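Inspection log for the structure reproduced underneath, given as structure tokens.
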Amino acid sequence: MITVNIDDKKINVKEGTLLIEAMIKNDIYIPHFCYHEALGPDGNCRMCMVEIEGQKRPQIACDTPVKEGMIVRTKGENIEKVKRGILELELINHPIDCPICDQAGECKLQEYYMEEGLYDSRLDTPKVKAKKHVYLGSEVMLDQERCVLCKRCVRFTEIYTKTDDLIVEKRSDRSVITTFPGKSFDNPYGGNVVDICPVGALTNRDFRFKKRVWFLSHGNGICMECSRGCNLRVGHEKAKYEDDIIYRLKPRRNDNVNGFFICDTGRYSYKKENENRLFDPLYKNKEIDLEEILKKVKLFLDKEPIFVVSPSLSLEEMAYIKILSRKKDIRVITSLQEYIDESFEDNLLRTKQRASNINGIKLLGIEVAEHLSATLEEYQNIIIIDHKIAHLQKDIFKSKTVLNFTTSTQDCENYEFNIPIASVYEKRGSYINFEWILQKSEKIVHKNLQPRTLIELLSHIEHEYMDEKKIWKEYLCKNKIFSKINLDLLDACGYKLEEEA
């Protein structure tokens, strides 16, 4: 470790660390476009210029290793004049379309421009024109005129996905980002280039013109699309008199799980939260009051049913179902075969296990049925808490009496009881990913007709108050693997469990 002085602030960093990394980690403001922590330096935007005592000229912080005793200045008349000049070059051909740009409110160029106050253009020649609203593929739209040529997107496909989908074409002020001739940008991680674009050059066609970002609220969620459990920022808004709607999912950095990125399957999974939602209970395909159907469910629980649970339920939900099953002597099973997809797996983030809490199933000792169809044939009364199984095995259920806890209206006509439950972003819960990292998801979305959580419904039937915290304290913490964990203090990066325990 060495000591460097930046703007009269002494900081300790590891020798050889890039100066920009040292500044970012110590919350020292440094404008930059091309540098990204996941992609490293590129040195082409020059926005991170700093003065280093003993150097004749300003240096770029993204390509300068720190040294013992280094004295750095980011402020002062000389260095600020240099940065204003660089910013002016970036703005020379930039279109003045902030009012209609989707990136407005999240644009680094806009932020730097407002800080420097370069309000009057000195350009006396026509701006260089380029292509606008070009669809590249993977829901990515390109506006070449807005591009600052930081090349983050090019380097993402070169360094991270290793697919080399994007290139820089032409030279000088005619340079533009594009794809190879005759090829489209078809990448299962394509949405990430929109996230890392510092300006409005790359925008998401799915989110484009849907909502201004400053109207959105954000919560911390976990992706349910595979056992990786990527961390998400859930962007939603509840406008006056309207329902709470999720407009987008973006990656939330977690170096222990997904780093900076997510796959597009997880990115667009929010649509399930907004479409085909069941809000009113159904009994024999007719709407019924919730209290009335819960009375019927209480009787149904005394008819020796079998629970079929999803491996994407939270730990707390699984635990309470086990508590209830022991009390009522009800068999609880799950099936994992339906959640294995070899074609989905890759060497980046996606795993072949298409459920978020398979290790929770293992840890809580829930029975895994090897032949689900044969097992279900033995029972007349079935409780399903698994939308995927309910859909795939619907032919078996035609001759059965089925109680279906679900978020979706799909296949409801096949079952006698259909009770709406809160979705993953409408409840609190904890999950264990495939690497045995325990993570928690917060309650983010609040619907006007908010379905109750599964735990609320089951505990209401049993006239016993239960919530996630109580289940964690009274049941899960008795397991030695959880005994020292305080869920309230569990940080955003999760907690690595000991698999052997």
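The values are calculated or read from the model by the stated rules, or taken from the named source; none is laboratory data. Fair warning: this is a prediction, and the values are worked out from it, not measured in the lab. All Cβ positions, glycine included, derive from the backbone under ideal geometry; neighbour counts span all protein chains shown. To get the accessible areas, we keep the full protein, side chains included, count just its heavy atoms, and leave off ligands, DNA and RNA. Shrake-Rupley method; radii C 1.70, N 1.55, O 1.52, S 1.80 Å.
Just a few scattered comments:
- Leading residue by the ranking (surrounded by the fewest Cβ atoms within 10 Å (Cβ to Cβ)) among those in segment 212-256 that are more than 15 Å from K271 (Cβ to Cβ), among the hydroxyl-bearing types (S, T, Y) and under 15 Å from the mean Cα position of the chain (by Cα): S217
- Filter result for the condition that a residue is crowded, with 17+ Cβ neighbours inside 10 Å, modelled with pLDDT of 90 or more and either closer than 30 Å to R350 by Cβ or not hydrophobic (A, V, I, L, M, F, W, C) (or both), over Y189, Y135, Y113: Y189
- Filter pass, F209 being buried (at least 18 other Cβ atoms within 10 Å of the Cβ) and closer than 22 Å to S138 by Cα: no
- Every residue from segment 148-165 that is of a type in the set (S, T, Y), assigned to a loop (DSSP other than H, G, I, E, B) and either touching a Ser or Thr at 6+ places or on another chain (Cβ under 8 Å) or open to solvent by 70 Å² or more (accessible area, probe 1.4 Å) (or both): T163
- Residues that are assigned to a strand (DSSP E or B) and within 19 Å of Q103 (Cα to Cα), drawn from segment 213-222: S217, H218
- Tally of residues being part of a loop (DSSP other than H, G, I, E, B) and not charged (D, E, K, R) across segment 223-272: 18
- Pairs linking a residue in segment 64-92 that is within 27 Å of G16 (Cα to Cα) and among the acidic types (D, E) to a residue that is open to solvent by 50 Å² or more (accessible area, probe 1.4 Å) and in a loop (DSSP other than H, G, I, E, B), with Cβ atoms under 8 Å and 6 or more positions apart or on different chains, are E68/E15.
- Subset of segment 401-443 (residues that are in a loop (DSSP other than H, G, I, E, B) and open to solvent by less than 30 Å² (accessible area, probe 1.4 Å)): D411, Y415, I421, A422, S423, K427, N433, W436
Residue by residue, here is whether (1) closer than 23 Å to W436 by Cβ; (2) open to solvent by less than 70 Å² (accessible area, probe 1.4 Å); (3) within 25 Å of the chain's Cα centre (by Cα); (4) touching a residue at least 60 places away in the same chain (Cβ under 8 Å) holds:
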residue: F300; (1), (2), (3), (4): no, yes, no, yes
residue: S343; (1), (2), (3), (4): no, no, yes, no
residue: I366; (1), (2), (3), (4): yes, yes, no, no
residue: L376; (1), (2), (3), (4): no, yes, no, yes
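- Some residue of segment 278-287 being in contact (Cβ under 8 Å) with a residue 24 or more places away in the chain, among the polar types (S, T, N, Q) and surrounded by 15 or more Cβ atoms within 10 Å (Cβ to Cβ): no
- Test: residue in segment 34-53 that is β-branched (V, I, T) and in contact with a His (Cβ under 7 Å, 6 or more places away or on another chain): no
- Tally of residues being more than 20 Å from Y189 (Cα to Cα), of a type in the set (S, T, N, Q) and in a loop (DSSP other than H, G, I, E, B) across segment 108-147: 2
- Residue in segment 43-57 that is surrounded by the fewest Cβ atoms within 10 Å (Cβ to Cβ), counting only those that are without any contact (Cβ under 8 Å) to a residue 60 or more places away in the chain and within 24 Å of Q110 (Cβ to Cβ): G43
- Positions within segment 366-393 being under 30 Å from S483 (Cβ atoms), out of contact with any helix residue (DSSP H, G or I) (no Cβ under 8 Å at 6 or more places or on another chain) and assigned to a loop (DSSP other than H, G, I, E, B), in sequence order: D386
- When segment 1-42 is limited to residues that are in contact with a Cys (Cβ under 8 Å, 6 or more places away or on another chain) and open to solvent by 20 Å² or more (accessible area, probe 1.4 Å), the one that is nearest to C147 (Cα to Cα) turns out to be H32.
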